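Take a look at the structure set out below.
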Amino acid sequence: MNKYLIVFLISMVPLIELRGAIPYAVGYDLPIAPSIAVALLGNMLPVPFIFLFARKILSWGKDKQIIGGFCRWCLEKGEKGGRKLEAKAGVGLYMALLLFVGIPLPGTGAWTGTLAASLLDLNFRKSVIYILLGLLLAAAIMLAASFGVFGAISLVK
């Protein structure tokens, strides 16, 4: 049970998220289905709070002496990610959000995707659904990577 708690907590950490929780679970031979469920739950738990409150808190803090730099960095990162999504996606903005969250690259994931969705004033319910779908994609990719599927593919000639 303690290892599932660790999976849950790892998946809540910004920048690491589910991308770190699944390899941890695989490395400790935890059953896959419950591990993915726990990682998804942990990664999704902050999403509504980020969507509803992050912009307000970051905007409030951007002029504060101690936290101002961090708040401005977060706002700029979310704004940049949001504008990049908007520019590339056009009509398919929610599909772009899904891919932004789902493709495990540095600086992408549920935290950044949710902040971008909030800064772009996207629909809350629709954003949460597409972020969850993106996390399912990320889970599938990380599961495959954790089992060495991509390394095995490179051996096939």
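Being touching a residue at least 40 places away in the same chain (Cβ under 8 Å), more than 11 Å from the chain's Cα centre (by Cα) and either farther than 15 Å from S11 by Cβ or loosely packed, with under 14 Cβ neighbours inside 10 Å (or both), is that true of even one residue in segment 62-70? Give the steps one after another, and end with the answer.
Pass one, segment 62-70, residues touching a residue at least 40 places away in the same chain (Cβ under 8 Å): none.
No, every residue in segment 62-70 fails to be touching a residue at least 40 places away in the same chain (Cβ under 8 Å), more than 11 Å from the chain's Cα centre (by Cα) and either farther than 15 Å from S11 by Cβ or loosely packed, with under 14 Cβ neighbours inside 10 Å (or both).
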Name the single residue, out of those in segment 2-25 being over 11 Å from L41 (Cβ atoms) and in contact with a Leu (Cβ under 7 Å, 6 or more places away or on another chain), that is least open to solvent (accessible area, probe 1.4 Å). I22
Restricting to segment 97-148, what's the tally of residues that are among the β-branched types (V, I, T), more than 18 Å from P48 (Cβ to Cβ) and surrounded by fewer than 16 Cβ atoms within 10 Å (Cβ to Cβ)? 1
If we scan segment 46-61, do we find a residue that is within 20 Å of I141 (Cβ to Cβ), open to solvent by less than 80 Å² (accessible area, probe 1.4 Å) and not hydrophobic (A, V, I, L, M, F, W, C)? no
Criterion first (open to solvent by 40 Å² or more (accessible area, probe 1.4 Å), within 27 Å of A39 (Cα to Cα) and in a helix (DSSP H, G or I)) does K88 satisfy it? no
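Conditions tested, residue by residue: (1) modelled with pLDDT under 95; (2) within 16 Å of S146 (Cα to Cα); (3) of a type in the set (A, V, I, L, M).
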position	(1), (2), (3)
A39	no, yes, yes
G42	no, no, no
R83	yes, no, no
A89	yes, no, yes
Only unsatisfied item for L41, checking (1) open to solvent by 70 Å² or more (accessible area, probe 1.4 Å); (2) among the hydrophobic types (A, V, I, L, M, F, W, C); (3) more than 21 Å from G107 (Cα to Cα), is (3)
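The values are calculated or read from the model by the stated rules, or taken from the named source; none is laboratory data. Everything quoted here is computed from the prediction, not taken from an experiment. Reconstructed Cβ throughout: ideal geometry from the backbone, glycine too, with neighbour counts over all protein chains shown. Accessible surface is based on the protein model in full, side chains and every heavy atom, while ligands, DNA and RNA are left aside. Shrake-Rupley method; radii C 1.70, N 1.55, O 1.52, S 1.80 Å.
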